[in-house]
Amino acid sequence: MEEPSRKRQRNESELAPSGNSSYPPDASQKKPKTVAAEDYFESYEDLGVHHLMLRDRPRSEAYRKAIEGNKEAFQGKVVLDVGTGTGLLAMFAARAGAKKVYAVEGSNMANVAQLLVEKNGFADRIQVIKGRMEEVELPEKVDIIVSEWMGFYLLHESMLDSVLYARDKWLNEGGLVFPSRSRIFLAPVNLDSYYEEHVTFWEDVYGLDYSALLPAVKAQLMAQPEIQITVEKEQLLSHPLLVKDIDCLSVSPQQLRRIKRNFELPILRDDTMHGFCVWFDVTFDPHHTYKSKSQAVQGSDAAADSGDMRPTGGQVVVLSTAPGEKPTHWKQTFILLPADRGFPVNPDTTITGSMAMTTADDNSRLYDLSIDLGELDPDPAADTTSLNGVEEEKEVEPEAEAVEEGAMPGHEKDCQCGKCRLIRAYLAMEEGREGDTLG
Ligand SMILES: C[S@@+](CC[C@H](N)C(=O)[O-])C[C@H]1O[C@@H](n2cnc3c(N)ncnc32)[C@H](O)[C@@H]1O
């Protein structure tokens, strides 16, 4: 999957014909591009990227409300802002009464943060530290960590790793991490307008037939999710599925390397399904406090031992990027399925399968997203949404043996149920796609 930073969306040049290249190009040759750490930080040295984030009001207002609306939690506290950018969250924390804020920034944007901190009169309380979170030393431990680390479909860029590193090294027992929780959701979706714009379009281009390019176009569209798409709530075809519930106070980076989730999603109406929509939300809960691993193992009430920092009042704030919520710069992510004109679905259809999000071998900042239709992943870990060990992991019941060759377990060969029709259409498409020979 291609690396899209918040700055760059998609590389549109990949379909450009060159001299003797055969058409369509070979989608199987598509390798994720690697992102060197230097490139990653360089991408954040563009003021345009920060402008995009700063003018994203639902995002920025959620942080402002979570921090300044919880003054009792921040009053007199030592705060760390992981990836301060222009210094926004650090200055919110200072305005909320923090005694000291360490604002760490790995790119040259640290110079901008320093300038703005001084201009806004916070130089006595905010110390901007230029360097990578994993490499800098702080003068002391902190009571609260704030960070805006979320990428497309939540985990893209994997900046959460840096926050978890900071948490385990620098956060006091009983401290806070803002946001404290994050969740990933999935739902099948109808995207007629997208399909017309990106697929049907090629059938008639100013009266010319461009449909010979369709296999290449589809291969390109399916090789990577569409990360910047606006999906309306009405376009969702089932109730949302909670793919993963991440407790930012206790999750480990290793638990984020591979996320899997089985799904069985009953369709709500007659429609055409084009693929899946993925989105996320994050929650800022001033009552959810940190217990280090050693304290958790001992089973002691760490917060009480070290002086409970939970405020008595305080408000929980949620920032959601769901379809139907106020639009953010993350928009939603769309994963296209290989079907000529989508799959017809109706209230008898249940979409069954599993979703996996796995970090790319050559770049932990990139995730491969994959969806397997028709098969539940037998790994019990694929049947739990929680990453904090709170939720019990359920055994997946082994499916009954298929009685007929070519039939789905528990279904007859020519079964007309929605699931079987969908899977047959999918398999036919898969075979057809191989026949198209990409390359
Ligand atoms: C999404 S931006 C958020 C900027 C700012 N906090 C805001 O809300 O406007 C993330 C910032 O974190 C920085 N960053 C990412 N990983 C980092 C790390 N490991 N150490 C220091 N800075 C990091 C990036 O350079 C970027 O400026």
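Could you list, in their original order, any pairs among Lys260/Lys291; Lys77/Lys326; Lys99/Lys130; Lys291/Lys331; Lys141/Lys293 whose Cα atoms are separated by more than 22 Å?
On the way: Lys260/Lys291 26 Å; Lys77/Lys326 32 Å; Lys99/Lys130 20 Å; Lys291/Lys331 33 Å; Lys141/Lys293 16 Å.
With Cα atoms farther than 22 Å apart: Lys260/Lys291; Lys77/Lys326; Lys291/Lys331.
Could you please report the charge total around Ile184, scoring K, R as +1 and D, E as -1 over all other residues with beta-carbon less than 10 angstrom from its beta-carbon? Provide the component values of the computation, followed by the final result.
Numbers: positive: Arg183, Lys244, Arg261; negative: Asp245, Asp281.
With Lys, Arg at +1 and Asp, Glu at -1, the neighbours total +1.
Hand me the chymotrypsin sites (Phe, Trp or Tyr not before Pro) from the stretch 119-216 located in a DSSP loop with no more than 15 other Cβ atoms within 10 Å, in residue order please. Write out the running numbers ahead of the final one.
Numbers: sites: Phe122, Trp149, Phe152, Tyr153, Tyr165, Trp170, Phe185, Tyr194, Tyr195, Phe201, Trp202, Tyr206, Tyr210; in loops: Phe122, Trp149, Phe152, Tyr153, Tyr206, Tyr210.
Passing sites in the stretch 119-216 are Tyr206, Tyr210.
What's the FRET efficiency of Glu134 with Ser211 using the Cβ-Cβ distance as r and R₀ = 45 Å, to the nearest 0.05? Mind dumping the intermediate values first?
Working: r = 50 Å, r/R0 = 1.11.
That pair, Glu134 with Ser211, gives E of 0.35.
Quick one: length gained pulling Glu325 to Ile229 fully straight, 0.36 nm per residue minus the C-alpha distance?
Details: separation 96, 0.36 × 96 = 34.56 nm, distance 1.36 nm.
The span from Glu325 to Ile229 would gain 33.2 nm if fully extended.
Filter the trypsin sites (Lys or Arg not before Pro) in the stretch 158-254 to those in DSSP coil with at most 15 other Cβ atoms within 10 Å of their Cβ, and list the result.
Loop-located and lightly packed - none at all.
For the stretch 227-289, just say rounded, prolate or oblate: build the C-alpha gyration tensor, square-root its eigenvalues into a ≥ b ≥ c, call rounded for a/c under 1.5, and beyond that prolate if a/b exceeds b/c, oblate if not. Let's see the in-between values first.
On the way: a/c = 2.39, a/b = 1.94, b/c = 1.23.
The shape class here is prolate.
Excluding Glu234 itself, what net charge comes from residues whose Cβ is under 11 Å from its Cβ, given Lys and Arg +1 and Asp and Glu -1? Mind dumping the intermediate values first?
Working: positive: Lys233, Arg269; negative: Glu232, Asp271.
Combined, the nearby Lys, Arg, Asp and Glu give 0.
Tell me which of Ala98, Ser147, Thr84 sits at the most positive position along the dipole axis of the stretch 37-148, charges placed on C-beta atoms (Lys, Arg +1; Asp, Glu -1).
Ala98
For the pair Glu203 and Thr358, how long in nm is the line joining their label points, each one 7 Å along Cα→Cβ?
Taking the simple label geometry, Glu203 and Thr358 are separated by 3.6 nm.
Can you tell me the FRET efficiency between Tyr165 and Ala381 if r is taken as the Cβ-Cβ distance and R0 is 22 Å, rounded to the nearest 0.05?
Details: r = 24 Å, r/R0 = 1.07.
Plugging the Cβ-Cβ distance into 1/(1 + (r/R0)^6) gives 0.40.
Could you tell me the ratio Rg/Rh of the stretch 37-148? Both radii from Cα atoms, Rh via Kirkwood. All intermediate terms of the calculation are to be shown ahead of the outcome.
Numbers: Rg = 13.1 Å, Rh = 13.9 Å.
With Rh from the inverse mean 1/r over Cα pairs, Rg/Rh is 0.94.
For Glu196, what is the net charge nearby, where nearby means another residue's Cβ is under 13 Å from its Cβ and Lys, Arg count +1, Asp, Glu -1?
-3
Where both partners of a DSSP beta bridge lie in the stretch 37-148, what percent of those bridges are antiparallel, to the nearest 5?
Working: 0 of 14 bridges.
Approximately 0 percent, going by the DSSP bridge assignments.
Place a point 7 Å from Cα of Phe41 in the direction of its Cβ. Which residues in the stretch 79-107 have their backbone N less than 11 Å from it?
Residues 105-107 fall inside that zone.
Across the stretch 131-143, in residue order, what do the Karplus-derived ³J(HN,Hα) couplings come to in whole Hz, using 6.51 cos²θ - 1.76 cosθ + 1.60 with θ = phi - 60° and x for Gly and Pro?
Here the 3J(HN,Hα) series is x, 7, 3, 6, 10, 8, 10, 9, x, 7, 6, 10, 8 Hz.
When the dipole is taken about the Cα centre of the stretch 37-148, and only Lys, Arg (+1) and Asp, Glu (-1) are charged at their Cβ, what size is it in debye, to the nearest 20?
Numbers: 15 positive and 19 negative charges, 146 e Å.
Roughly 700 debye for the stretch 37-148.
Coordinate-derived values only; no laboratory data. Nothing here was measured: the structure is a model prediction, and the numbers come from that model. Please note: Cβ atoms are built from the backbone with ideal geometry, for glycine as well, and neighbour counts cover all protein chains shown.
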